[in-house]
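Below: the structure, in structure tokens.
We did not get these values from a lab; they are worked out from the coordinates using the rules stated. Keep in mind that what you see is a predicted model, and the values were worked out from it rather than measured. Cβ coordinates were reconstructed from backbone atoms using ideal geometry, including for glycine residues, and neighbour counts include every protein chain displayed.
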Amino acid sequence: MPNHNTEKQWTPKIVAFFCNWCTYTAADLAGVSRIKHAPNIRVIRVMCSGRVDPQFLLDAFAKGADGVLIGGCHPGDCHYIEGNYKCLRRFQLLQKMTTDMGIEPDRLRLEWISASEGDKVRVVVNDMVSKVTKLGPLGLPDKFKSWDEEMKIFEHSIEEKEVFEHV
Amino acid sequence: MSEKPKIALYWCASCGGCEESVVDLAEDILFVVDNVDIVLWPVGLDFKKKDVEAMPDGSIVASLINGAIRTTEQEEMARMLRRKSQVVIAYGACAQLGGIPGLANQFSLETILKFVYEEAPSVVNELKTRPLERFKDNGRTTELPGLWNVVRTLDQVIDVEYYIPGCPPSPKLLKEAVLALLSGHLPPVGTVLAPDIALCEECSKKDTKPTDLKFESFKRTHLWEVDPEKCLLSQGFLCMGPATRSGCGALCVEGNMPCTGCYGPTSRVRDQGAKFLSSISSSIGADSVEDIDKILVGIPDPVGTFYRYGLPGSMLKRKVVL
Amino acid sequence: MEKKNGQIRIGFYICHCGSNIASMVDVAKVSEYAASLPNVVVSKDYKYMCSDPGQEMIINDIKENNLTRVVVAACSPFLHENTFRNATFQGGLNQFYFQMVNTREHNAWVHLEAMATTEKALDLVRAAIYRVAEHKPLERKKVPIHPDVLVLGGGIAGIHSALTLANAGKKVYLVEREPTIGGHMAMFDKTFPTLDCAACILTPKMSAVKNHPNIVLWTYAEIVGLDGFVGSYKAKIKHKPRYIIEELCVGCNDCIEACVYKEARFLDEFNQGLSKRKPVYMPFPQATPQIVLIDPETCIHFKSAKCSQTCVTSCERNAVDLQQQPRFEEIEVGTVIVATGFKPVDARKVPYYGYGNFPGVYTALEVERLINASGPTQGEVVLRDGSHPKTIGIVHCVGSRDKHTNQWCSRVCCLYSVKLAHLLKEHTGADIYNFYIDMRTPGKMMEEFYNRIAEEGMKFIRGRVADIYPDRDDPQRKRLIVKAEDTLIQEIIKIPVDMVVLSTGLEPREDAQEVRRMLNITCSTEGFYIERHPKLAPVNTFTDGIFLAGCCQGPKDIPDTVAQAGAAAAEVLALIDKGYIEIEPNTAYINEEECSGCKSCVPLCPYTAISYIEEKKKAFINEALCKGCGTCVAACPSGSIIQNLFEDEEIFSEIEGILNFRNIQREMSYA
């Protein structure tokens, strides 16, 4: 847990996509029940885990999320009958792809949390935060910037060369 | 003669196919030559870099640059053409999205060099000699362009006004682009100069695709026979047509090869691979993790499959840890 | 960030919620920070945004500052999204130019540290401010409400709901799985705390249901499928074969007389197996409707096809039909009330209480039948061995408040135990011991009732019963020893009794999960259906048009059940009388000129809202069928499907907003 007496330490940022009917409601229930958990997740509400476009997940990583969590209704319990199965199928393939791209599997997580499972929100969030904390920052925006450093080095040399040639 | 608008054509990290596509204009090339002055085209005409450098900034109406950007030389040329041109067009999949050279973004530079110069089965290099960037001989220094760690799309290096997609672009798109340039009726900056609708629109096999497709397995063309009469996706071959811009006339599919996505996404999609992945996986005919994974065995290389032409231009750009 | 648009003028408000939010989130800082974000024109914090002055503030600000968008950071959108949408509308804007930030349930209430909580609030606020700039004006769709109502379950909850609705002139289908309505209440003898007779209050209501012109009563029938949505549901009902033609049977019971079994030989369900019935039987004398049925499990005809079928020949009206098959019927209704009730905990789940092993051990429901004048013994408390009990032990909390069975308090057992103690005393004059953990007697007149009964000479022992076993010292009387710790004197006590009554708790029906899936409502892990909000929408479910009444939602007594049944009926009436319901405009649509007709989306829609138009070679979404899950939107490979309220650009902006935190990290330096 971050300590406000010391310098601000890095703590993971986790973007979560919660379905309106189960997991978002479960997070509300966690609130009403005052079930304390790690403050690292930022929930985006979607109507169904089936709405979660893999682009959203990649975009979250690319924009600086250290982890991405999807929460949907348990299999068989989808408010929209089977949106969660579509989410699961996409997840299985996407995680295979992101793993190949060097993003550790623990950074991308799919959980089934029903509306009554307020405490499961705590368990899942805390567990994910601790796992991602161990992995350290993913920090893609910083990585993108550092990758482009090589261009800056040449940018200068190119300019210098041109100045030289004009003389 | 000097009144004609000036056009430059240049190649960066590319295979030369884009150059071929210019030649593929066939007799239309005469029309192009009649109407424009080509001031740089290393493949076809003997102009040098210094000739262009001597031109005033902004004096070229348009530069069509193909190929991804991997070397210092490519960057240097791209920047120079940018300065000299009113309009820069990223020409072809490599310039637009990174293309096949962009697949190198899955590996570190060292891994690639090591493989190419030491480990490739066809290589005999006991001294493990690598090319040098700088070499002195008889008091003269020779420099080779430096290789970057990252393969980039053209617009990740310089500002780009328009894109002509494809590996290679169809001559039709090129001709239309030239006509648009000549007429001065240009679309908003950032436009991809190709139809903004997916390939199925112009595919002759479209009608054979069922409306209740479920994937029980994914097939690869070198292992299975293709039924030429039927939608390839419906046969389990990963045809990226639904996620890929049209404009090519569905050439590959007409030749019974699945579309591999070289025209890139429509304007409404930010990451072609993710969208195609989403689309096909949604229709996997299994509900449990185990059964889904069994079917996914048919996609052994998701990155190479979904980002064959678009890794540098995708959301993740490059393998995160290298 | 680059979305600076002169047209977009955002008003931002953060609610203190008294101290609920303000104690954990530095609301002044959030408001100050929001003011620095693009397009934000007004940024304020206020004690209670949902109050009239809070809403007025939004309305006035919209007018005075020409706001075009509103963002409120407060509680969950489930609570006040509509409140603030309405304020946005009152201010003259489209109500969907609003975005809510959940900074109470998802933030202030669940974190321990003010700095992290404030930082999270900043991220969420930024996300909403980025998102709202992308919002489009939308109109709510009006869906007409079919005026007919389906009530599932014919216990007191279903009966009361059905009668209330029918009296208001609405057509009600009351579907009951058992051959008769009445539910558990029909089995009870007296009801607490008034000790009025259950039958006396229930049977008039049962016959009112039977005779009501607006009620279609289907007993021995079950719902097997529900399609559609609020306003127009299609329910598929299965009529189980009674082997009696319902329209012809008048309940004369001649067939029962005529049955080849001269004696009743099979356990009678209604009497909890304490008496016997024949294969053809009337569930109980006051069964409603008065129609007999044949149980194929015990009937010779169905077992061997070698019966002389005396029942068939005995019926003058030819009502017996041994060839009857299940019959399915589809009905259209606009709303559904779920009143499927509960199941008493199986006392065998607590094996050390010996139910099923020791004949002297009874469940509370068995005792209800034993002391009932129309029960198996006409109200005489005779034990299974024919003796009359002189000492009775009543064990509370069987299958309740125990992590090995059910964690919850079943709410009614203390009071029905007290009631049974009184009735048993009245019927037998026995010494009665109540073993309780805590006496829980909330509710009007309940504590008074307990006190009154306690004064009748009952013994109350505070302690959970640890064991029940035969008294080996007294083999003749076959007594049982009830062993418990009397926690008030901190001693283990062993009381020999002739009869043990197990006060079994209430639990969800076994098929609660299946029914829930069929109805697309949610339930807790235990199986009680979940209300939309415990205080604000206690009889609504998360599915519009489906309401809850009675113990299927959680254990409760008869007064509460009836009150809830009335409330459910009132909610249904409110919908029917308005005639329509406005639904969220979060449906998806396809831009025809962008669709390539790849058909990828068509098989993904569980509601078959997407069709492929052959002439145009394009896919098309029927918005009337679309429920707005967005699955097809996420899967459209060319990005040509758009979901209102959840457009790609809206969600991308939200992601960008959440993660654009780098600029503020330096500012977040707390002392």
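With the contact rule set at Cα under 8 Å and sequence spacing of 6 or more, what percent relative contact order holds for region C:158-279?
With pairs under 8 Å counted, the relative contact order is 21 percent.
Roughly speaking, what is the stretch gain from C:Glu510 to C:Lys535, that is 0.36 nm per residue apart minus the C-alpha to C-alpha distance, in nm to one decimal?
6.3 nm
Set the Förster radius R0 to 41 Å, insert the Cβ-Cβ distance between B:Gln86 and B:Ala26 as r into 1/(1 + (r/R0)^6), and round the FRET efficiency to 0.05.
Calculated transfer efficiency: 0.90.
Just to be sure I follow: if Rg is taken over the C-alpha atoms of chain A and Rh is the Kirkwood radius over the same atoms, what is Rg/Rh?
1.15
Give the angle, between 0 and 90 degrees and rounded to the nearest 10, that separates the Cα long axis of helix C:156-167 from the longest principal axis of the Cα atoms of chain C.
70 degrees
Can you compute the radius of gyration and Dmax for chain B, using only the Cα atoms, both in Å?
Radius of gyration, then largest Cα-Cα span, for chain B: 21.7, 72 Å.
Give me the one-decimal nm value for the distance between modelled label points at C:Asn60 and A:Ile153, 7 Å along each residue's Cα-to-Cβ direction.
Using points 7 Å along Cα→Cβ, the separation is 6.2 nm.
Classify region C:211-361 as rounded, prolate or oblate from the Cα gyration tensor: take a ≥ b ≥ c as the square roots of its eigenvalues, call it rounded if a/c is under 1.5, otherwise prolate when a/b beats b/c and oblate if not.
Judged from the Cα gyration tensor, region C:211-361 comes out oblate (a/c at least 1.5, b/c at or above a/b).
For the cross-link pairs B:Lys275/C:Lys617; B:Lys205/C:Lys141; B:Lys6/B:Lys319; C:Lys535/C:Lys578, which exceed 30 Å when the distance is taken from alpha carbon to alpha carbon? Intermediate results must be reported in sequence, preceding the final value.
Numbers: B:Lys275/C:Lys617 21 Å; B:Lys205/C:Lys141 38 Å; B:Lys6/B:Lys319 39 Å; C:Lys535/C:Lys578 23 Å.
Over 30 Å Cα-Cα: B:Lys205/C:Lys141; B:Lys6/B:Lys319.
Kirkwood Rh, chain C, all Cα pairs: how many Å?
By the Kirkwood definition, the hydrodynamic radius is 29.2 Å.
Quick one: Cα centre-to-centre distance for region B:102-126 and region A:27-86, in angstrom?
Centre-to-centre distance over Cα atoms comes out at 41 Å.
Counting alpha carbon pairs within less than 8 Å and at least 6 residues apart, what relative contact order, in whole percent, applies to chain B?
Working: 594 pairs, mean separation 59.9, N = 322.
Once divided by the residue count of chain B, the mean separation gives 19 percent.
To the nearest µm²/s, what D does Stokes-Einstein give for the protein assembly as shown at 25 °C and 0.890 mPa s, using the Kirkwood radius over alpha carbon pairs as Rh?
Translational diffusion coefficient: 70 µm²/s.
Among the aspartates and glutamates, select those whose C-alpha is under 16 Å from the C-alpha of C:Lys618, and discard any that sit fewer than 8 residues away in the same chain.
B:Asp196, B:Glu201, B:Glu202, B:Asp207, B:Asp212, C:Glu592, C:Glu593, C:Glu594
Work out the mean other chain Cβ neighbour count within 10 Å for the residues of C:600-610 and drop it here as an integer.
The per-residue average across the peptide is 5.
Rounded if a/c is under 1.5, else prolate if a/b is larger than b/c, else oblate: which is region C:572-633, with a ≥ b ≥ c the root eigenvalues of its Cα gyration tensor?
Prolate, because a/c is 1.5 or more and a/b exceeds b/c.
For peptide B:254-262, compute the average count of partner chain beta-carbon atoms within 10 Å of each residue's beta-carbon.
Mean shielding by partner chains, rounded to a whole number: 0.
Starting from the Cα of C:Ile300, step 7 Å toward the Cβ, then list every residue of region C:227-271 with an amide N under 16 Å from that point.
Of the residues in region C:227-271, C:255-266 have backbone N under 16 Å from the label point off C:Ile300.
Does region C:343-507 classify as rounded, prolate or oblate by the C-alpha gyration tensor (a ≥ b ≥ c root eigenvalues; a/c under 1.5 gives rounded; else a/b over b/c gives prolate, otherwise oblate)?
Taking the square roots of the gyration eigenvalues as a ≥ b ≥ c, region C:343-507 is rounded.
Which of the pairs A:Lys131/B:Lys317; B:Lys230/C:Lys234; A:Lys143/C:Lys120 have their Cα atoms more than 30 Å apart in this structure?
B:Lys230/C:Lys234
Which whole-angstrom value gives the distance between the alpha carbon centres of region C:333-401 and region B:291-317?
62 Å
Students often check this: by mean Cβ neighbours within 10 Å, which of C:22-34, C:575-587, A:49-61, C:444-456 ranks highest, and how do the rest follow?
Going from most to least packed, we get A:49-61, C:22-34, C:575-587, C:444-456.
Please report the Cα spread of region B:199-306 along all three principal axes, rounded to whole Å, starting with the longest.
On the principal axes, region B:199-306 reaches 39, 32, 26 Å in Cα extent.
Using a Gaussian network model of chain B whose springs link C-alpha atoms within less than 10 Å, name the residue from B:Ser85, B:Ser122, B:Ser278 with the highest mean-square fluctuation.
Checking each option, the largest mean-square fluctuation is seen for B:Ser122.
Evaluate the relative contact order of chain C (contact order divided by residue number), counting alpha-carbon pairs under 8 angstrom at least 6 apart; express in whole percent.
13 percent.
Could you work out how far helix B:272-282 tilts from the main Cα principal axis of chain B, as a 0 to 90 degree angle to the nearest 10?
On a 0 to 90 degree scale, this one is about 0.
What do the square roots of 5 times the Cα gyration tensor eigenvalues come to for region B:40-115, in whole Å, largest first, as semi-axes of the equivalent ellipsoid?
27, 14, 11
For a footprinting-style exposure proxy, rank B:Val160, B:Val33 by other Cβ within 10 Å, fewest first.
B:Val33, B:Val160
Can you give me the Kirkwood hydrodynamic radius for region C:515-647, using every pair of distinct Cα atoms, in Å to one decimal?
17.3 Å
Determine the distance separating the Cα centre of region C:612-627 from the Cα centre of region C:244-270; give it in Å without decimals.
55 Å
Taking the Cα atoms only, what angle lies between the long axis of helix B:72-84 and the longest principal axis of chain B, rounded to 10 degrees?
For helix B:72-84, the angle is close to 70 degrees.
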